[in-house]
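Undergrad: Dropping the structure in here first, questions after.
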Amino acid sequence: MKVCRRSFLSLIIGGAAGTALSPLPLKLMDDSSIWSQAWPWTPVPEDGEVSHVGSICTLCPGGCGITVRKVNDRAIKIEGMKGHPVNNGGICVLGLSGLQLLYGPTRVKTPLKRVGARGEGRWEKISWDEAIAEVVKKLGGLREKGKSHTVACISGTDRGTVAQLLGRFLTVYGSPNFIRIPSIQDSYELTMHLMQGVQASAGFDVENADFVLSFGSGLIEGWGSPVRMIKANSKWKERGKVVQIESRLSNTAAKADKWVPINPGTEAALALAIANVIIQKSLYNADFVKNYSSGFEEFKQMVLNEFSPDDVSGITGVSASTIESLAKSFAGSSKPLAVCGRGQGETPGSLNEFMAVHTLNALVGNIDKKGGVWTVPDPDYIKWPEVEMDRIAANGMSKARIDGAGSKRYPDTRYLLDRLPNAINSGKEYPVEALFVAGANPVYTIPDSKAVKEAFNKVPFVVSFSSYMDETAVNSDLILPNHVFLERYEDVPTPVGLQKPIIGLSKPVVKPLFNTKHLGDVILLMAKAFGGQIAKAFPWDSYEVCLKETLGNKWDKLINDGFWADSNFRPAVWGGAFHTPSRKFEFVNKGKAESIKIEGDEKAYPLILMPYDSMRLASGFIGDPPFVIKTVEDTVLKGKEIVVEVNPKSARGFREGDQAILSTPKGSVKVRVHHFNGIMPGLVALPRGLGHTAYDEYLADKGVNFNELIGPVEDPVSGLNAAWGIRAKLTRA
Amino acid sequence: MSTLDDKAEETVEQVETTKCPEKEQKNRACGIILIFFVIGLVGSLAVGWLIFPKLLYSQKKQPIDFNHVVHVAAVEDGCESCHYFREDGSFSGVPKLAQCVGCHEEAQGENPEELKFVEEHVTKGNEVPWLVYSRQPDCVFFSHASHIKMGKLDCVVCHGHIGESKHSRVYEENRLTGYSRDIWGKNLAGLKKDTWDRMKMDDCAECHAELKAKGETVTTLPWPINWMPRPYEKPASSQVRVNIQKDACFVCHK
């Protein structure tokens, strides 16, 4: 028998025929398609019982209600809470991505003690007992030496039980240095204090306003409570007008009914020129001005003499006719509202500007009126007994604050964090021996990063309570990780800019994933370890007990609904609204409103660098989670390089996409140039929220941190940071 | 041209003259070729029908041998006693340990499987990693509520007489997809006698088409998967076609 080529071919044909008659081809094809549709490494939520937990998002001061969808014990999706007074079902891109901050790789999983050099990233895992003992030992030593005032604490907020516990701990321990992260809230609080004599926040009845005059506020870019503002903006589209006064065509400007480009830093002058027209044409609310205000005549003289539309037109670049028409439309509307605070409102800004803008609201009499600015008192549900300080604590508390807040120079300002780095570095005040950081990332968010890092290096003991490995945590000595917002109870008082007092309750959606501890419990444990008066000031067994007792009869409603709103709250009536010495609204006359001079020499630095904000870039103490960083466009971040906007007219030979060196008196960075006709010539705009060095691989080393290029400029009245930009130049890379 | 044709004829004649004496040899060669064809055919049929299924499916035992008969007899509401609908209408599927603990906090008898269950799962609080015969790929959305509550289907229609089983069957897992053999069906040729023999999309579609033909309000699926005409539907029915094109896919594939 001879086996030839034909036999072989025949075998193959037979095999093919047999295979075709077997289920093998069809079955394999079917299975392969199923296999390729469900790769085993594709994460798929497990199947199981679905439940929803209502809570409050605390990733920004917006205070939105959230509903978290769970399958078994796993949180699957965060959605906006329907019926919540702030966001009514809406949610922003950061809130939506909050699960990545729970399950993502950037969590600090257990207390850590630094073993390498500062910032090197070498840590030793320690137990909670050891961590607390370490803090107590260090703080106890300082107290014994009578140096309790050299301990400082930087906190993201000063409201709510956790921040109040922290402040209480500092007081009873003996340090006056509790410092809140700066924002436009500082300037608004001070404005309310000086003009209305109240210790309150400014609330804006944006939903009812029909003419919104915004002096550079990123109304739909994260100013105030972001989701609420976007919803309000939709309402204005139906029945209202928005005028955006800004040097750059931001999203807010692009969506506004009118965009008024203005020379940067001259907003206060424009506001006073508008006041000039309103007064001159008698368009103001005569009842309010006559019966409920004081100092109007001096103010009138000052404005009429110094802020005529023609004069101001030269300063601001806004034509006199535009100023007049703005004034007429503003005063002619039934519910006009003027707001300020640039971008997302993270830089406090010039007090003059805030007062000038608030004056406009006063002139049209929309203080505490529908669609106007409301006086929102601080929530008063925290009624703990006064602390009893021992001798050391009393001595420590009698010392001046290191940041200069409340000093003779800045008597009305409560916190001045931007002055802290300089105070530490210059050594003019006492040294800071220990620093606590909670709910904040000052190494990243405070201007002049170099000076901030230098100051951090001069503090011998830094404790971070961060849940994430952020820039501040990296540069600390001890990390005592807090639960993340989806793992803990926390009360969230009235969100920034809301016109009615409410309390939200953040609830644990899932059990803590790692060996973390609630900051409230850590404070109680530290106090207990100290004993004496310190322990006495904290009579609660746990934070949960403290919170429940503090909220009293509101607790049940908070647990069921997620928020508590004061149904009896009404805006104050003008007769009793003002607590100034005159019991009237004060047209504070501080003389000629000088614009804030920015740093840098015009000859050496011909351009002006300004930051801009975007909803897609979280620039606060939370960085962008991976989902959000993915949404950043190519004209903001190209690969790992940051893109700056310049007007083609002032591009000086730089073509679209060219590499360049952007220099300011504070530093130089590599950037790419993007031509943008929406920015005034002579300006360069750089996005905030990039340039992280910590967090995870998705966020770190992408772009440049704006704070590396700018330093704070002190407002002459408040001492707050009023820098709106810095001189800069672009050179060839 | 003519010269070329002549040459070709000559060549053919020559070839035929040389082959003729070897006719017998040729037949033998044909036989060998045929044998090889048969070997190929039979071999590949054997591979396809006998060896391939053995390679494709691994045999797994359930962690606990479960007796449905005993349990069905002990409960009041039949299948729904353990396989119930949650308050939100979703179906609970295979019971969790918490449900079993209600009766089995301690062993109720001497059955070694029950003892094993109590010892390894109830006492230690470990969920039983049951192997689910009817688990569908993740891209499939199936609502038990609409089929059982609205459509009044009996569990048996899809799951067969599993409630009458005294022992857990061997779970045959498809090594490629990770799903049970029950989805494709025991019969690899795809033949079925009963409704519960297979759980592929065609089987959903078949039933839906039947119901549609009877005038029931159901979503019609392109049966059998859009490459053959549907026997129960007149092609002129444009309404149905629109329905299929617009949203039929997304009813089950969310």
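Read-outs: derived from the displayed coordinates by stated rules, not from any lab. Keep in mind that this is a model prediction, so the values were computed, not measured. Glycine also receives a Cβ, built like all others from the backbone with ideal geometry; neighbour counts cover every protein chain displayed.
Undergrad: If you count, for every residue in A:292-300, the Cβ atoms of partner chains within 10 Å of its Cβ, what is the mean?
TA: 0
Undergrad: Moving to a separate point now. How big is the dipole moment of chain A about its Cα centre under a simple scheme where the beta carbon of each Lys and Arg is +1, that of each Asp and Glu is -1, and everything else is neutral? Debye, nearest 20, please.
TA: 1060
Undergrad: Taking Cα centroids, how far is the stretch B:30-89 from the stretch A:378-453 in Å?
TA: What the calculation gives is 71 Å, centre to centre.
Undergrad: Taking 25 °C and 0.890 mPa s as the conditions, I'd like the Stokes-Einstein D for chain A in µm²/s, using the Kirkwood hydrodynamic radius from alpha carbon pairs.
TA: 89
Undergrad: Sticking with the crude label model, points 7 Å out along Cα→Cβ, report the distance from A:Met29 to A:Val545 in nm, one decimal please.
TA: 7.1
Undergrad: What's the angle, to the nearest 10 degrees (0 to 90), between helix A:128-144's Cα axis and the longest principal axis of chain A?
TA: The angle comes out near 30 degrees.
Undergrad: Next question, about the same structure. Given the Cα-Cα distance of A:Ser127 and A:Glu298 and 0.36 nm per residue of separation, how much length would full extension add, in nm?
TA: Gain on stretching A:Ser127 to A:Glu298: 55.2 nm.
Undergrad: Can you give me the angle between helix A:449-458 and the longest principal axis of chain A, using Cα atoms only, in degrees from 0 to 90, rounded to the nearest 10?
TA: 90
Undergrad: Projected onto the charge dipole of the stretch A:206-371 (+1 at Lys/Arg Cβ, -1 at Asp/Glu Cβ, origin at the Cα centre), which of A:Phe296, A:Val212, A:Val277 gives the Cα projection farthest towards the positive end?
TA: A:Val212
Undergrad: Quickly estimate the mean residue ellipticity at 222 nm for chain A, helices only: each DSSP H run with n ≥ 4 gives -39500 (n - 2.57), and the total goes over all residues, rounded to 500.
TA: -9500 deg cm²/dmol
Undergrad: Mind scanning A:Lys125/A:Lys450; A:Lys630/A:Lys702; A:Lys27/B:Lys149; A:Lys458/A:Lys517 and naming the pairs with a C-alpha gap bigger than 23 Å?
TA: Long pairs (Cα-Cα over 23 Å): A:Lys125/A:Lys450; A:Lys27/B:Lys149; A:Lys458/A:Lys517.
Undergrad: Taking each residue of B:47-55 in turn, how many C-beta atoms of other protein chains fall within 10 Å of its C-beta, and what is the average?
TA: 4
Undergrad: When ranked by the protection proxy of mean other Cβ atoms within 10 Å per residue, highest first, what sequence do the peptides A:332-341, B:106-115, A:81-90 form?
TA: Taking the mean over residues of other Cβ atoms within 10 Å, the ranking is A:332-341, A:81-90, B:106-115.
Undergrad: Another one. Which of the lysines could be linked to A:Lys548 by a straight reach, that is with a Cα gap under 17 Å, when you skip same-chain ones fewer than 8 residues away?
TA: The reachable lysines, counting only those whose Cα sits under 17 Å from A:Lys548, are A:Lys383, A:Lys507, A:Lys557.
Undergrad: How many Cβ atoms of partner chains, on average, are near each residue of B:91-101 if near means within 10 Å of its Cβ?
TA: Counting Cβ atoms of other protein chains within 10 Å of each residue's Cβ and averaging gives 1.
Undergrad: How high is the FRET efficiency between B:Asp154 and B:Leu34 when r is their beta carbon distance and R₀ equals 56 Å, given to the nearest 0.05?
TA: Plugging the Cβ-Cβ distance into 1/(1 + (r/R0)^6) gives 0.55.
Undergrad: Turning to a different aspect of this structure: Listed here are the pairs B:Lys60/B:Lys192; A:Lys77/A:Lys113; B:Lys96/B:Lys152; which of them are more than 32 Å apart at the Cα?
TA: Too far apart for the 32 Å limit: A:Lys77/A:Lys113.
Undergrad: OK, next. Given R₀ = 30 Å, what would the calculated FRET efficiency be for B:Asp202 paired with B:Leu97, taking r from the Cβ atoms and rounding to 0.05?
TA: 0.25
Undergrad: May I ask you to derive the FRET efficiency for A:Ala733 and A:Gln37 from their Cβ-Cβ distance with R0 = 60 Å, giving the value to the nearest 0.05?
TA: Efficiency computed from Cβ-Cβ geometry: 0.80.
Undergrad: Setting aside same-chain residues fewer than 8 positions from A:Lys109, which aspartates and glutamates have a Cα under 15 Å from its Cα?
TA: Cα-Cα hits under 15 Å: A:Glu124, A:Asp470, A:Glu487, A:Asp696.
Undergrad: So which chymotrypsin sites (Phe, Trp or Tyr not before Pro) in the stretch A:255-310 end up in coil per DSSP with only 12 or fewer other C-beta atoms within 10 Å?
TA: Those that pass, being in a loop and sparsely packed, number zero.
Undergrad: Checking the cross-link filter: which lysines have an alpha carbon closer than 25 Å to that of A:Lys235, excluding same-chain neighbours under 8 positions apart?
TA: Once the sequence-local lysines are set aside, what remains near A:Lys235 is A:Lys82, A:Lys255, A:Lys258, A:Lys328, A:Lys335, A:Lys369, A:Lys370, A:Lys500.
Undergrad: Could you please state, rounded to a whole Å, how far the C-alpha centre of the stretch A:665-714 is from the C-alpha centre of the stretch B:145-200?
TA: 60
Undergrad: Among A:17-24, A:560-567, A:708-715, what's the highest-first ranking by average C-beta atoms within 10 angstrom per residue?
TA: Taking the mean over residues of other Cβ atoms within 10 Å, the ranking is A:708-715, A:17-24, A:560-567.
Undergrad: For the stretch A:206-371, treating each Cα as an identical point scatterer without solvent, what Debye log10 I(q)/I(0) comes out at q = 0.18 1/Å?
TA: -1.12
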